[in-house]
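Written out below as structure tokens is the structure these notes cover.
Derivation of every value follows stated rules applied to the coordinates shown; laboratory data play no part. In this text, all values refer to a predicted model and were calculated from it rather than measured experimentally. Don't worry about glycine lacking a Cβ; one is built from the backbone with ideal geometry, like all the others, and counts go over all protein chains shown.
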Amino acid sequence: MSSRKDKRLILVRNDLLQEIIKVTAREGKTVFAFTNEVFEQALEAYQMQTNPAEILQFYIIMKLEKDRGICIIPIDLLNYMIQKLYMIEKEDLLQKWYDSGSWYGKYLSVKIEKENWLQIFEKQIKKSAWNITDFSIVEREKSIHLRCICPYFTKESTEAFMKFLEGIMHSSNYETIKNECLRGMILLKFKKWKQEE
Amino acid sequence: MGRKFLAAREELVKRLRNLAKNRNTTLYGLTNQALEQVLLAEDLGEELPEIIANHRVIKMAKENRSVLIPERVWHLVLEKTSEQAGDSLKKVFYDSGRWYGKYFSTLRLKASSLPEIKSFLGTIFWNISNLDLIEESNKIILKLIEPNFTLLHTQLSSTMLEGIMHSIGYATQERKITKGLVLLTFANE
């Protein structure tokens, strides 16, 4: 039990305090205990070189990834397996990545507004494909330029990921007009292939 | 907007005040931001401690060069590669598990704490619907239930889990595996 000496009063926004009172009443906690818990967590977040807002935003993105059937795999394991499979079932493997991208593209278009689609897609990939060091989508003269740098990918994994990205873009009515793929680097150019109704 | 006083532990307030100073912000701004986020999390039906624990593990996975890939692609890769690679695949999974476990125990001082291991496994294997660790008379029982897994996927996941547990300091005593179900018993070495 904290004594009065161990406590400090701090100013907070009144609307937040009112919400906290409601939450603590619902959860059967004291406001004091709840506040301490929040501050401990916030300090831990700052220790991880981030902040509670960023952590929450990242969590929401990760939840979206989890809901769409994504799993966490060590990259060496993935590279090893893709390399093995590439030699014998290249077409099937690339098709599966492409189909998966198509599905993801459709899923994103259901989840997010059409107007912001490209920006949100870019943001989603930047946050969740964390092994990618550079990812950008730029609209230039009626075409879309996509650049992806993934230095830890083998040539085979890079190509598989390129198919995934093409699948996403094709499902949103873009067609590829140029594609370049080197180990760890993907450069794609698209144009809209039909007007949406 | 109105302001009111809120009580908190002195040592926490001190640390927050220092943090605010280092970040060129005010204690008022910093605490409001933290409270705002926790209320947002509540609205989403989540709790901040869980979110932070999750973040810690994902950060670890990021540093560990793990990637997120669609499960449907992963299943195909797994099934097809196993036809080619046979038993050598098991070793690759086991080594990956050992690497994860070593990394985890190097970074976390309380690596032997069961809830922490459980939270770590639960996040890394988030695609598994039921993954539990129970302590029973000096033994640790690991249960995995995932009805969507093929037998191969179940076996390889079990191998990876064993790799993790071995490098954390547990030895396998018993292993029961059927499609979608794993029951592993470990003893502390």
Requested in this report: Starting from the eigenvalues of the Cα gyration tensor, five times each then square-rooted, give me the equivalent ellipsoid semi-axes of chain B, largest first, whole Å.
Outcome: 40, 19, 16
Query raised in the report: Going 7 Å from the Cα of A:Gln119 in the Cα-to-Cβ direction, what parts of region A:125-146 have a backbone nitrogen less than 14 Å from that spot?
Result: A:137-139
Query - Linear extension gain, A:Lys142 paired with A:Val110, 0.36 nm per residue minus alpha-carbon span - result: 9.1 nm
Report summary line: From the Cα centre of region A:77-112 to that of region A:167-182, the distance in Å is 14 Å
Query raised in the report: Hey, what D do you get for region A:84-197 in µm²/s if you plug the Kirkwood alpha-carbon radius into Stokes-Einstein at 37 °C and 0.692 mPa s?
Result: 228 µm²/s
Query - Taking chain B and dividing mean pair separation by its residue count, relative contact order in percent (alpha carbons under 8 Å, at least six apart) - result: 18 percent
Query raised in the report: Which of the lysines could a cross-linker bridge to A:Lys66, judged by Cα under 17 Å and excluding same-chain residues fewer than eight apart?
Result: A:Lys106, A:Lys111, A:Lys123, A:Lys126, A:Lys127, B:Lys59, B:Lys62
**Report entry** Ratio Rg/Rh [Cα only; Rh per Kirkwood] for chain A
**Finding:** 1.14
Report summary line: Residue-normalised 222 nm signal for chain B, counting each DSSP H run of n ≥ 4 as -39,500 (n - 2.57), nearest 500 deg cm²/dmol, is -19000 deg cm²/dmol
Query raised in the report: For region A:114-167, which GluC sites (Glu not before Pro) are both in a DSSP coil and crowded by at most 16 other Cβ atoms within 10 Å?
Result: A:Glu115, A:Glu141
Requested in this report: Would you calculate the volume per residue, in Å³, of the smallest convex hull containing every Cα atom of the protein assembly as shown?
Outcome: 184 Å³
Query raised in the report: When Rg is the radius of gyration of the Cα atoms in region A:131-197 and Rh is its Kirkwood radius, what does Rg/Rh come to?
Result: 1.00
Report summary line: Looking only at aspartates and glutamates whose Cα falls under 19 Å of A:Lys84's and that sit 8 or more positions away or on another chain, we get A:Asp76, A:Asp92, A:Glu156, A:Glu159, B:Glu71, B:Glu79, B:Glu83, B:Asp87, B:Asp95
Query raised in the report: Relative to the longest principal axis of chain B, what angle (0 to 90°, nearest 10) does the C-alpha long axis of helix B:88-107 take?
Result: 30 degrees
